[in-house]
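Worksheet for the structure shown next.
The values are calculated or read from the model by the stated rules, or taken from the named source; none is laboratory data. Note that the coordinates shown come from a computational prediction; the quantities given were computed from them, not determined experimentally. Ideal geometry is used to build each Cβ from the backbone, glycine not excepted, and the neighbour counts take in all protein chains shown. Accessible surface areas use protein heavy atoms only, side chains included; no ligands, DNA or RNA. Shrake-Rupley method; radii C 1.70, N 1.55, O 1.52, S 1.80 Å.
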Amino acid sequence: MSSDLQEPIFTDETSAREALEAVRWPNGPFCPHCGNADPTTMPVIDGPKMSARPGLRYCNACKGQFTVTVGTVFERSKIPLTKWWLAVHLIGASKKGMSSHQLHRMLGVTYKTAWFMSHRIREAMKDMGGGPLGGEGKMVEADETYFGNVKGSRATDTLVPGKGWVKRGAGGANKYKVVTLVERGGRARSVHVDHLTANQVRDVLVTNVDRKSQLMTDESNVYTKVGGEYAKHFTVNHGDYEWARGTYHTNTIEGFFSIFKRGMKGVYQHCSEKHLHRYLAEFDFRYSHRVKLGWSDKMRVDRIMEGIEGKRLTYRRPSGTSKEGQALNG
């Protein structure tokens, strides 16, 4: 069932806060400062001394104050929670993403604010895939792709004797390199690597794929050695125009790349290398929580809200340091 954009969480601040409390504190509130989980010692500050911050609680154990956003990517944000809920819904429910310019127009916030919101939401999507992919009897497809309009990667017309004008210089050497793993009927995980060498690809595989899995790749020699570390290793030879041999194919992962590249080129259009890992996390999350696996838009949004816990993103100060958390710039 999809979320109704007329729901109170998108229009009423109290409903938005209570909904976030229900997602983050399903077993009752806890103090993010000391870990106290006794609700009788964490009363809400209200009445004549009510704070300007609705939902503010006081912890008698550590004498600290907190709201539901403390200790999350929303901490210290001045953006209304109704707009946070709407932004998470728009990004989580879209097939190929939602640009910051589009969010800026739809939410009525500045482009800078929308851009920062987008990256915080991607941070919440990160590391939501659980343990290693695959397992005994399961097939995991692995493949690599090049992405990014990096300087020097554009093809140019070159006059070649006997062949006329041909395109040259469009290889992947100057582009961003991504290794993606897709579990048949399951999750996806993508990693940005510096070089597509056998050693780097092996590190990605053994870190993210259970070795009891069956590995499915193309004929690239970066998989030759590491393939022997898995239960079985099957290949198809794209160089000989072999795309499938029964159930042996990499069409599943090619489908993932299709969605990823259409989103990056058609929606986001530009991505710097230092932020690529966040966009990969976004596309991995949506693929791993797709409708075919039983996830609705509402369930996906709640799942993202669960991921805000214990993560911070801050702007880098002019001095080049960030006050806390992970710096977003530079």
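Quick check, is residue 69 of a type in the set (Val, Ile, Thr) and part of a helix (DSSP H, G or I)?
Taking the combined requirement at face value, the residue does not satisfy it.
Could you list, in sequence order, all residues of the stretch 1-44 that are hydroxyl-bearing (Ser, Thr, Tyr) and either under 23 Å from residue 60 (Cβ atoms) or touching a strand residue (DSSP E or B) at 6+ places or on another chain (Cβ under 7 Å) (or both)?
Result: 40, 41.
Exactly one condition in (1) within 20 Å of residue 125 (Cα to Cα); (2) part of a helix (DSSP H, G or I); (3) open to solvent by 20 Å² or more (accessible area, probe 1.4 Å) is false for residue 76; which is it?
(2)
Yes/no matrix, rows are residues, columns are (1) touching a strand residue (DSSP E or B) at 6+ places or on another chain (Cβ under 8 Å); (2) modelled with pLDDT of 95 or more; (3) within 29 Å of residue 97 (Cβ to Cβ); (4) open to solvent by 30 Å² or more (accessible area, probe 1.4 Å):
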| residue | (1), (2), (3), (4) |
| --- | --- |
| 210 | yes, yes, no, yes |
| 214 | yes, yes, no, yes |
| 219 | yes, no, no, yes |
| 231 | yes, yes, no, yes |
| 246 | no, no, no, yes |
| 253 | yes, yes, yes, no |
| 269 | no, no, yes, yes |
| 275 | no, no, yes, no |
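Please enumerate the residues belonging to the stretch 93-105 that are open to solvent by less than 50 Å² (accessible area, probe 1.4 Å) and in a helix (DSSP H, G or I).
93, 100, 103, listed by residue number.
Take the residues of the stretch 106-136 that are open to solvent by 60 Å² or more (accessible area, probe 1.4 Å) and assigned to a loop (DSSP other than H, G, I, E, B): which is modelled with the lowest pLDDT?
130
Looking only at the stretch 40-56, which residues are under 21 Å from residue 15 (Cβ atoms) and modelled with pLDDT of 85 or more?
Scanning the stretch 40-56 gives 44, 45, 54, 55, 56.
Looking at the stretch 287-308, which of its residues are among the basic types (Lys, Arg), open to solvent by 20 Å² or more (accessible area, probe 1.4 Å) and within 18 Å of residue 121 (Cβ to Cβ)?
If the condition is that a residue be among the basic types (Lys, Arg), open to solvent by 20 Å² or more (accessible area, probe 1.4 Å) and within 18 Å of residue 121 (Cβ to Cβ), then 290, 298, 303 are the ones that fit.
Residues in the stretch 208-246 that are out of contact with any His (no Cβ under 8 Å at 6 or more places or on another chain) and touching a residue at least 12 places away in the same chain (Cβ under 8 Å): how many?
22
Report whether or not residue 39 is farther than 23 Å from residue 120 by Cβ and without any contact (Cβ under 8 Å) to a residue 24 or more places away in the chain.
It is true that residue 39 is farther than 23 Å from residue 120 by Cβ and without any contact (Cβ under 8 Å) to a residue 24 or more places away in the chain.
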